[in-house]
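So the structure is just underneath, and the comments pick up after that.
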Amino acid sequence: MSSFHISMILAFIFLASSVFADDVVVLTEDNFEKEVGQDRGALVEFYAPWCGHCKKLAPEYERLGASFKKAKSVLIGKVDCDTHKSLCSKYGVSGYPTIKWFPKGSLEPKKYEGARAAEALAEFVNSEGGTSVKIAAVPSSVVVLTPDNFDQIVLDETKDVLVEFYAPWCGHCKQLAPTYEKVATAFKLEEDVIIANLDADKYKDLAEKYGVSGYPTLKFFPKSNKGGEDYGGGRDLDDFVTLINDKCGTSRDGKGRLTSKAGIVATLDNLVKEFISAGDDEMKAIVARMEEEVDKLKGTTARYGKIYLKAANNCVEKGADYPKKEIQRLERMLEKSISEAKADEFTLKKNILSTFA
C-alpha cells in the first residue's frame, strides 16, 4: 500500500453528527429547579409516553415550543412522568397530560385549564408571561389529491406515492393527521417520494375504485405497481419512516434528517475499496471504472454517483489530507444555520467521503 493510502486512512476522522436541539426543553429531576422558578416563567407539560391524549397534544405543544424559542422570558418544557415519578408527584400530577404555569421566580404553579391547541396555549402564556408571541401557520407538506390530479400524481411511474383515503368526520383520521403531516414533512425533500391524501367522503367514486371501504385507508403506489398495495405497517411516525425508507430506498429519520446511510451506493463502495488499496498508478483506471458505473445509475442514485467521482478525483489530486480537511469543513457548515437542502447536500458528501477512509 502506498504512503498516500496509509496517510489517508490514518488521517481520516469520522466526526459525530451535529446535535439538533428540540424546541421544547426536556425537564428532569436533575435540572427542573435549575430551569424552572428562576429568571423566566415556565409552562410545563407533565406527560406519559403511552398516553393517547399526550400524543395528540404533542404536535401542538411542539408548535408552541418552536414559536416561543426566541422568547427569552419564557420557557416551554415537558416532564416524562413515567421516568420522573417523584417530580410529578411533588406537583400533584394525577392524570396526563397536566399543564402547569410556573411564574418567574416561583415553584408554586398554576394549572392550565384551557384548550389544548397551540393558539390557546400561546394566548395563556402571553397573558401570564407578558409576551406577545404568535403561532405561525405551518404550511402542509401533504399533497391534496382530487379527481383532477389523482392519475397525474399517483400513477406517475417515476414516483413512489403513499395515499391516505380519509373522511373529515372520522375520529381515527383526525388522530392520524398530525403524524401523517410529520411523515410528509420528513420526506418533503425527496423528489421521488410523495405523501398525499384524498377526501374519500367527497370523492366516493375514486375511493371505491381502489377498494376503500373504511377510514382511514392507506395505500402505497410504488413506481413498480400503480395498482396500489395495502399499507401494512404501524401508524406511529417511526413505523411510517421505516417502511418508506425500506420501500423507497431513502434514508431519513423522523425529523427529515438524512441518516449515515444516505447516499451510499453498494456497487460504488466495492470500487472504493479497490481504490483505497490500489497503487498510485492504478487509481485513475479505477476512477474510469467508477465513471462507467455512474453512467448506469438513474434518478437520485446518479446524483450520489457524481459525488463519489468527485471525491475520488479529489483524493488523487489533493493528497492525503483531503478527506480529513473536507469532512471537518462540512461539519463546520452543518453546525451553522443553513437551509434543509444545504444540510442534505453536506450530509451526503460527508457520508460518501467516509467510504474513502
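For region 117-154, which positions are closer than 24 Å to Thr185 by Cα, small (Gly, Ala, Ser) and in contact with a helix residue (DSSP H, G or I) (Cβ under 8 Å, 6 or more places away or on another chain)?
Listed by number, the residues that qualify are Ala117, Ala118, Ala122, Ala136, Ser140, Ser141.
For Lys134, indicate whether it is touching a residue at least 24 places away in the same chain (Cβ under 8 Å), among the basic types (Lys, Arg) and farther than 22 Å from Ser213 by Cα.
Answer is yes for this residue.
Kindly list, by first and then second residue, each pair from a residue in region 230-257 that is touching a residue at least 40 places away in the same chain (Cβ under 8 Å) to a residue that is among the charged types (D, E, K, R) and part of a helix (DSSP H, G or I), limited to pairs with Cβ atoms under 8 Å and residues at least 6 apart or on different chains.
Pairs that qualify, where the first residue is touching a residue at least 40 places away in the same chain (Cβ under 8 Å) and the partner is among the charged types (D, E, K, R) and part of a helix (DSSP H, G or I), are Leu237/Lys182; Gly254/Lys182; Gly254/Asp238; Gly256/Glu340.
With respect to the numbered conditions (1) closer than 30 Å to Lys159 by Cβ; (2) touching a helix residue (DSSP H, G or I) at 6+ places or on another chain (Cβ under 8 Å), which one is the sole condition not fulfilled by Asn270?
(2)
Would you tally the residues in region 250-294 being assigned to a loop (DSSP other than H, G, I, E, B) and either hydrophobic (A, V, I, L, M, F, W, C) or in contact with a strand residue (DSSP E or B) (Cβ under 9 Å, 6 or more places away or on another chain) (or both)?
Number satisfying all stated conditions: 7.
Which one is surrounded by the fewest Cβ atoms within 10 Å (Cβ to Cβ) among residues in region 88-112 that are charged (D, E, K, R) and farther than 18 Å from Cys51 by Cβ?
Glu108
I'd like to know if region 118-141 contains one or more residues that are more than 20 Å from Phe68 (Cβ to Cβ) and charged (D, E, K, R).
Within region 118-141, not a single residue is more than 20 Å from Phe68 (Cβ to Cβ) and charged (D, E, K, R).
Tally up the residues in region 20-58 that are open to solvent by 40 Å² or more (accessible area, probe 1.4 Å) and among the aromatic types (Phe, Trp, Tyr), please.
Of the residues in region 20-58, 3 are open to solvent by 40 Å² or more (accessible area, probe 1.4 Å) and among the aromatic types (Phe, Trp, Tyr).
Suppose we filter Phe275, Phe346 for residues that are aromatic (Phe, Trp, Tyr) and over 30 Å from the mean Cα position of the chain (by Cα); which single one remains?
Phe275
The values are calculated or read from the model by the stated rules, or taken from the named source; none is laboratory data. The structure presented is a predicted model; accordingly, all values stated were derived computationally and were not measured. Heads up, the Cβs are rebuilt from the backbone with ideal geometry, glycines too, and the neighbour counts pull from every protein chain shown. Ligands, DNA and RNA are excluded from the accessible area calculation, which covers all protein heavy atoms including side chains. Shrake-Rupley method; radii C 1.70, N 1.55, O 1.52, S 1.80 Å.
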